[in-house]
Amino acid sequence: MIKVIEISFFLILAISITSCKKKNIQPQPNPTPIVQDTTGGNTNSDTLSKLVINLSGMQNTNGKVNVALFNSSASFNDPNQAYRELFLVCTGSSMTISLDSIIPGDYAFAIFHDENDNQNLDQNLFGIPTEGFAFSNNAMGSFGPPSWSQAKFSIPKSSIVGQNIELNFY
C-alpha cells in the first residue's frame, strides 16, 4: 500500500511539473543569476507584487529548472491549471528566480531540476525521483506531495515575497 502511495505521489509530481509549456527566459550573468520573469503582462504596478525564489542544491548545471506556480488549492499540482510556468536554464548550484506582476493572494509552487532536459521528473524502478525537487515553504508530504495548506504562502499587495528553497534528493 505504501509503495502505491509513493508511486502515485511521484507520478502526480512529475505530471504536474513536466507538462508545462516552455518559456524562453534567459538568466542574467551574476554569481547567483537572477532570472526575471516577464510573463505577468499586467502594468498596474501599484497593487502587483513579486515573488523571489532563492533556489539551492543543484548538483550540476545540466538541463533546466522547472517551476510551476499555483494560485488555489483546486489547481495545486494540476499541470493544466498552473498560474505561471517557467523552464529555466540551470546556471549553477544556486539560482535566484524572480516572478513579477503577481496578483495578491495565496500561492504554492513546485520545482524540479530536469537534469537531462527530457521534461520529466525521472524516477527509479520504485517510483522514487532521481532528480532534485522541492515545494514552496520547503514542504514535504508523507507518502505523497505536500498538501496545499503545507505549501501555500500569501503574497500581499505591492510587496516582494522571498522563499529560500533547497532541492530534495532521495
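Of the strands (runs of 3 or more DSSP E) lying entirely inside region 63-111, the ones with 3 or more residues being out of contact with any Leu (no Cβ under 6 Å at 6 or more places or on another chain) and aliphatic (A, V, I, L, M) are found at 84-89. Annotation note: Cβ proximity below 6 Å between a residue of region 127-151 that is polar (S, T, N, Q) and a residue that is part of a helix (DSSP H, G or I) (sequence gap 6+ or interchain) occurs for SER136/ALA151; ASN137/ALA151.
Evaluation of VAL89 against the conditions (1) closer than 22 Å to ILE160 by Cβ; (2) modelled with pLDDT of 95 or more shows that the sole unmet condition is (1).
Quick one: which of ILE111, ILE103 is of a type outside the set (S, T, N, Q), touching a residue at least 60 places away in the same chain (Cβ under 8 Å) and surrounded by fewer than 19 Cβ atoms within 10 Å (Cβ to Cβ)?
None of the other options fit; the residue is ILE103.
Restricting attention to region 73-101 and to residues that are more than 14 Å from LYS152 (Cβ to Cβ) and of a type in the set (A, V, I, L, M), the residue that is nearest to the chain's Cα centre (by Cα) turns out to be LEU86.
The values are calculated or read from the model by the stated rules, or taken from the named source; none is laboratory data. For clarity, every value in this text was computed on a predicted model and none was experimentally measured. When we count neighbours, we look across all protein chains shown, and the Cβ atoms used for this are built from the backbone with ideal geometry, even at glycine.
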